[in-house]
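I have placed the structure first, in the form of structure tokens, so that the comments after it can refer back to it.
The values are calculated or read from the model by the stated rules, or taken from the named source; none is laboratory data. All values derive from a computational prediction rather than experimental measurement. Neighbour counts are summed over all protein chains in view; Cβ atoms, including those assigned to glycine, are modelled from backbone coordinates with ideal geometry. Just so you know, the surface numbers come from the protein's heavy atoms only, side chains and all, with ligands and any DNA or RNA stripped out. Shrake-Rupley method; radii C 1.70, N 1.55, O 1.52, S 1.80 Å.
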Amino acid sequence: MAGAGELCLGELPTDPLLLILSYLDFRDLISCSFVNRRLNQLSSHDPLWMRHCRIYWLVAKNKKAPKYQKWRATFIDYYNNLGRYINHYATLKAAWDSLKGFLTERCPRMLSSLNDGVSDEDLDAVENRIGCKLPEDYRCSLRIHNGQKLMVPGLMGSMALSNHYRSENLLDIDTAENGFQRKMGLAYCLPITICIHTVISQYMALANTEGRHRDEIFYQCPDQTAHSPHVIDLFITGTSYSQWFTSYVERVVSGYYPIIRDQVFRYEHERDCVAVTDEISVSVSTSFLPELSSIHPPHYFFTYRIRLEMSADALPEKACQLDSRYWRITNAKGDVEEVRGPGVVGDYPELRAGRVYEYTSCTTFSTTSGYMEGYYTFHRVHKKSEVFTVAIPRFHMKCPAFKVSTITTEENYNHCFLHDDDSTDTDDYEDRRRVFDMPNPPVHCPRFT
């Protein structure tokens with residue numbers, strides 16, 4: 001109670017009291033409604049609840065339905081339906097809306113593959129069947145969109161080499177449940193993506209077991225030096241579903257990942273990785289391919305996409321043709337390899353004013369990181385005796401964090417991990433014969449072309 005001469009909160013004029021209430025969370029606002037009649041009346045003030053509807057449910061002023069419903073009632077309707085996800089919904093709904101807005105303009109075909117949301121009752125039934133609780137943020141995302149239809153291109157990005165293609169779909173919960181793992185090495189792991197060409201998935205751990213943390217998202221990577229198929233290493237791609245999904249969406253909508261032939265390609269471009277020589281710019285983007293890599297033995301597979309472009313203002317006499325390439329490749333140990341060769345990927349492109357030429361190649365390292373740099377040799381189309389070099393900027397490649405299997409087998413004591421061989425003379429890649437099987441050995445890589 002207020003003392004003599006003191007003014008209690010409920011006696012404040014309406015405007016300052018509403019201002020104070022506007023800083024309260026919805027839970028505190030509800031508590032205030034039980035203090036007295038006046039606070040009960042003011043805590044139902046429509047603009048206060050419009051703010052909470054916007055913050056927690058992303059309901060815009062012009063999207064409230066029905067039109068004449070009070071904002072407090074709107075908030076309660078959303079809360080009754082999605083209240084358990086109130087700490088995740090706004091983040092994931094904003095990511096989905098941002099992604100769909102981008103796809104509408106750039107990849108409309110992919111937008112049509114999204115499924116409607118699934119019910120809590122269906123998710124509860126899945127949990128009962130697999131005997132594991134699904135993470136709340138993952139459930140929340142499924143309530144908004146239950147993954148996508150199995151189609152190409154996949155929502156979660158593509159990659160294309162001459163003899164390897166990948167396009168990952170975001171799985172619906174029924175398909176994910178079908179791939180739920182109980183076997184040693186992948187115990188209590190749920191696939192959340194799949195490539196229908198390679199049948200390789202990203203998994204989410206549903207329990208703290210076998211060295212994994214619950215909610216961790218990863219690509220499986222069998223120890224190729226071990227005889228036991230249970231020895232599974234992990235390339236980590238996310239620490240939680242929210243972090244994994246929202247960071248991917250940010251890369252897509254910001255233009256960090258390029259759109260090629262109406263699909264998202266997971267190439268990463270260093271903003272400063274551009275070199276300009278005589279009106280020719282060379283830029284590089286790279287990508288790590290976990291499905292073609294291994295930790296034991298150390299074999300880290302990268303692909304890079306190079307873009308050559310001549311300025312649109314270049315004079316006609318600047319037209320030129322590429323003759324050869326030179327690469328200087330350095331791994332994390334400082335070992336250097338030099339490569340020279342004619343053309344690029346069997347081609348000798350010509351550049352003229354405004355023309356762009358792009359190509360993709362790949363390399364492997366026995367260390368977790370490395371970098372490449374070099375130059376191209378060109379000659380002028382109208383004066384072949386005029387030969388000059390064009391710099392290729394230094395670009396870095398680094399594999400994501402990984403974890404080594406904690407399953408103890410006699411193969412874990414194999415010392416193959418000390419081997420330092422960058423050779424790419426490996427077996428050709430073969431398609432999977434059944435869903436959720438182990439990866440095959442890495443694809444052959446025509447390095448530095």
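At a glance:
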read-out: Pair list, Cβ under 7 Å, 6 or more apart: the range 272-289 residue acidic (Asp, Glu), other residue part of a loop (DSSP other than H, G, I, E, B) and at pLDDT 95 or above; value: 279/311; 279/314
read-out: Cross-chain or 6+ apart pairs with Cβ under 9 Å, the range 105-131 first and surrounded by fewer than 17 Cβ atoms within 10 Å (Cβ to Cβ), then modelled with pLDDT under 95 and among the polar types (S, T, N, Q); value: 109/263
read-out: Options 209, 239: the member that is farther than 30 Å from residue 104 by Cα, among the polar types (S, T, N, Q) and open to solvent by 30 Å² or more (accessible area, probe 1.4 Å); value: 209
read-out: Hits in the range 162-186 - residues which are open to solvent by 10 Å² or more (accessible area, probe 1.4 Å), closer than 24 Å to residue 132 by Cα and either in a loop (DSSP other than H, G, I, E, B) or of a type in the set (S, T, N, Q) (or both); value: 172, 175, 178, 180, 181, 182, 183, 184
read-out: So residue 224, is it in contact (Cβ under 8 Å) with a residue 24 or more places away in the chain, open to solvent by less than 20 Å² (accessible area, probe 1.4 Å) and closer than 25 Å to residue 304 by Cβ; value: no
read-out: Qualifying position, being within 20 Å of residue 248 (Cα to Cα) and more than 18 Å from the chain's Cα centre (by Cα), among 194, 173, 200, 217; value: 173
read-out: Given (1) in a loop (DSSP other than H, G, I, E, B); (2) in contact (Cβ under 8 Å) with a residue 24 or more places away in the chain, number of the condition residue 142 does not satisfy; value: (1)
read-out: Restricting the range 187-201 to residues that are outside any loop (DSSP other than H, G, I, E, B) and either of a type in the set (A, V, I, L, M) or open to solvent by 10 Å² or more (accessible area, probe 1.4 Å) (or both), the residue that is farthest from residue 131 (Cα to Cα); value: 194
read-out: Hits in the range 27-54 - residues which are open to solvent by 80 Å² or more (accessible area, probe 1.4 Å) and under 20 Å from residue 90 (Cβ atoms); value: 27, 54
read-out: Filter pass, residue 257 being in contact with a Leu (Cβ under 7 Å, 6 or more places away or on another chain), outside any helix (DSSP H, G or I) and farther than 27 Å from residue 86 by Cβ; value: no
read-out: The one condition in (1) open to solvent by less than 50 Å² (accessible area, probe 1.4 Å); (2) in contact with a strand residue (DSSP E or B) (Cβ under 6 Å, 6 or more places away or on another chain); (3) assigned to a loop (DSSP other than H, G, I, E, B); (4) under 26 Å from residue 154 (Cα atoms) that residue 286 fails to fulfil; value: (3)
read-out: Options 128, 81, 87; residue that is over 30 Å from residue 199 (Cβ atoms), out of contact with any strand residue (DSSP E or B) (no Cβ under 9 Å at 6 or more places or on another chain), assigned to a helix (DSSP H, G or I) and polar (S, T, N, Q); value: 81
